[in-house]
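This report refers to the structure that appears directly beneath it.
The values are calculated or read from the model by the stated rules, or taken from the named source; none is laboratory data. Keep in mind that this is a model prediction, so the values were computed, not measured. Don't worry about glycine lacking a Cβ; one is built from the backbone with ideal geometry, like all the others, and counts go over all protein chains shown. Ligands, DNA and RNA are stripped out before the accessible areas are found, and what is left, the full protein with its side chains, is counted by its heavy atoms. Shrake-Rupley method; radii C 1.70, N 1.55, O 1.52, S 1.80 Å.
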Amino acid sequence: MDDQNINRSYNSKNNKSDFVNFPVLFRREALSVSENSELIQAPITAVRILFKILHDISHDQFQADKQKNQLNLFEEHFTTDNNSYCKFLFPIESIDENRNYNSVKKGLEFLEELNKGWYKVTNSKGKTVSSYGGVISNANIDEGNVFFLVSSYWIEKLLKIPKYNTVIYDLAWQLPKSKQILFYLWLLEVPETGTNVNFDKFQSSYGFNYSTPHSFCKNFLKNIKDILDQYSNVSFNYKVKSNKIHILPYPTKTINLKLSKKTIKKQEITQKLHYWKIRHKLDNKIDTIKTVINLDNSCFPILLKAYKNLVKDCRDAGTKVTDYTGESFMKVFQHHIKLHYQQSNWNTIVKDGYPRITESDFDPDLNA
């Protein structure tokens, strides 16, 4: 179309990232199965294309309240003229390694029709620009490459991310069905305390007709959980009570994918912090430990060893480590951190430089 303004082009990013930032508002508007029943029929390639888009634009994503310069650049490029678009180009094998043209075409066709209509975007100066199309427009495959456009409305949803979740990029290629990925994206928004969902409404949203909550869990939820336990940063437990299903998310301990050392370490820290928080009822106190680790990642092994010593001392004393919760845990944990540090080589480098998670030292009596 002659009246299209191509304001930016994205070619396939060379280095594959471990994670992509998935915008919460975009998922709720475009990918909520409870709001749009057509999504359960989405080809798996449609969701993989969305993951690829987010992967390739990752360097341009921003939070408007924190990155004013990025907001100004975005508005200058995308919210000054009608029918402004981004152009995307990447090899077909980045979506389907077998170069299955029909499969990728179905994904493109689905996204062209998804939420198709007229949309308006208003910039900070009050100017409103319009664009027409689905989540993507003008899709084409030529000489092994995929081409399409994304309008200013949808690119704003993908680039301007006030709230987002960290998503394992390769997971879209580990989960074989789109409704499983859509469930995973929903799961990331469930609070760590869990949520209760109505069985009938829940299974209806995903297009099933099981007779009982138990059969739904066995045939749908268990399969997803098994995959997430292996390949995801977040998995979940579930429990049935009457007509309710309780979903409880948790960070996984290991991810069986080829990931960077930095990602592996970050996941290990995330999992352990969650474990301590839940096991010892730390609530906001976990933020103190998290801050200490963020300031110096090298202290994490010290905390791990200190906790291991605490567990051993409790076992030797015939007590339960879970008896320590909240402030009492913080104090006894601090004692073991200090004790381990003073007995390690670290103390010869920086005397009494142990990580501090409480304002004052405390020597507990484990037999009390």
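Summarising the amide proton neighbourhood of residue 255: residues at separation of 5 or more, or on other chains, whose placed amide H is nearer than 5 Å comprise an empty set.
Modelled spin labels at residue 66 and residue 215, positioned 7 Å past Cα toward Cβ, are 4.7 nm from each other.
Averaging sequence separations of C-alpha pairs under 8 Å and six or more residues apart, then dividing by the length of region 232-368, give the relative contact order as a whole percent.
Values: 142 pairs, mean separation 24.4, N = 137.
Normalised by residue count, the contact order of region 232-368 is 18 percent.
About the centre of its Cα atoms, region 148-262 shows a dipole size close to 160 debye [charges on the beta carbon of Lys, Arg (+1) and Asp, Glu (-1) only; nearest 20 debye]. In this structure region 179-238 gives 43 Å² per residue of accessible area when probed at 1.4 Å with all protein chains present. Entry comment: accessible area of region 71-160 is 47 Å² per residue, from protein heavy atoms only and a probe of 1.4 Å.
Note on the chain: dipole from Cβ charges, positive end direction compared against 293, 354, 247; the farthest Cα belongs to 354. Overall, the chain carries a charge dipole of about 940 debye about its Cα centre when +1 sits on the Cβ of Lys and Arg and -1 on the Cβ of Asp and Glu, all other atoms neutral. Across the options 206, 111, 274, the greatest Cα extent toward the positive end of the charge dipole of the chain (unit charges at beta carbon of Lys, Arg, Asp, Glu) belongs to 274.
Using a 1.4 Å probe on the protein chains only, how many percent of the accessible area of region 16-99 belongs to carbon and sulfur?
Taking all protein chains in place, region 16-99 shows 41 percent carbon and sulfur surface.
How do the peptides 140-150, 159-169 rank, highest first, by the average count of neighbouring beta carbon atoms within 10 Å per residue?
Numbers: 140-150: 16.6, 159-169: 18.7.
The peptides rank, most packed first, as 159-169, 140-150.
Under the simplified labelling scheme, the residue 13-residue 125 pair shows an inter-label distance of 3.0 nm, with each label point 7 Å from Cα along Cα→Cβ.
Net charge near residue 238, counting Lys/Arg +1 and Asp/Glu -1 over other residues with Cβ under 9 Å of its Cβ? Show your work: numbers first, answer last.
On the way: positive: 222, 225, 239; negative: none.
Within the 9 Å Cβ shell, the charges total +3.
Note on residue 115/residue 317: beta-carbon distance plugged into 1/(1 + (r/R0)^6) with R0 of 56 Å gives a FRET efficiency of 0.40.
Per DSSP helix of 4 or more residues, -39500 (n - 2.57); summed, then divided by the residues of the chain. What does that give at 222 nm, rounded to the nearest 500?
-12500 deg cm²/dmol
A simple spin-label model places the labels of residue 82 and residue 342 7.6 nm from each other, with each point 7 Å out along Cα-to-Cβ.
For Cα pairs less than 8 Å apart in space and 6+ apart in sequence, what is the mean separation divided by the residue count of the chain, i.e. the relative contact order in percent? Could you put the intermediate results ahead of the total?
Details: 553 pairs, mean separation 53.5, N = 368.
Relative contact order here is 15 percent.
Quick check on region 231-346: take the gyration tensor over C-alpha atoms, sort the square-rooted eigenvalues as a ≥ b ≥ c, and tell me if it's rounded (a/c under 1.5), prolate or oblate. Oblate, because a/c is 1.5 or more while a/b does not exceed b/c. Give the angle, between 0 and 90 degrees and rounded to the nearest 10, that separates the Cα long axis of helix 300-317 from the longest principal axis of the Cα atoms of the chain. Between the helix axis and the principal axis of the chain, the angle is about 50 degrees.
Carbon and sulfur together cover what percent of the accessible area of region 102-247 at a 1.4 Å probe radius?
Numbers: 3010 of 6700 Å².
Accessible surface attributable to carbon and sulfur in region 102-247 totals 45 percent.
Amide H to amide H, with H built 1.01 Å from N, residue 145 comes under 5 Å of 92, counting only residues 5 or more places away or on other chains. Where a ≥ b ≥ c are the square roots of the eigenvalues of the C-alpha gyration tensor, would you call region 68-196 rounded, which needs a/c under 1.5, or, failing that, prolate if a/b is larger than b/c, or oblate? It is oblate, given that a/c is not under 1.5 and a/b is not larger than b/c. Using a 1.4 Å probe over the heavy atoms of the protein chains, calculate the carbon and sulfur portion of the accessible area of region 264-368 as a whole percent. Heavy-atom surface of region 264-368 belonging to carbon and sulfur, 1.4 Å probe: 49 percent.
If you take the Cα centroid of region 237-264 and the Cα centroid of region 150-203, the two points sit 14 Å apart.
Placing a label point 7 Å from the Cα of residue 265 along the Cα-to-Cβ line, the residues of region 294-336 whose backbone N sits under 13 Å from it are 294-302. The charge dipole of region 257-368, taken about the Cα centre with unit charges on the Cβ atoms of Lys, Arg (+1) and Asp, Glu (-1), comes to about 760 debye, rounded to the nearest 20.
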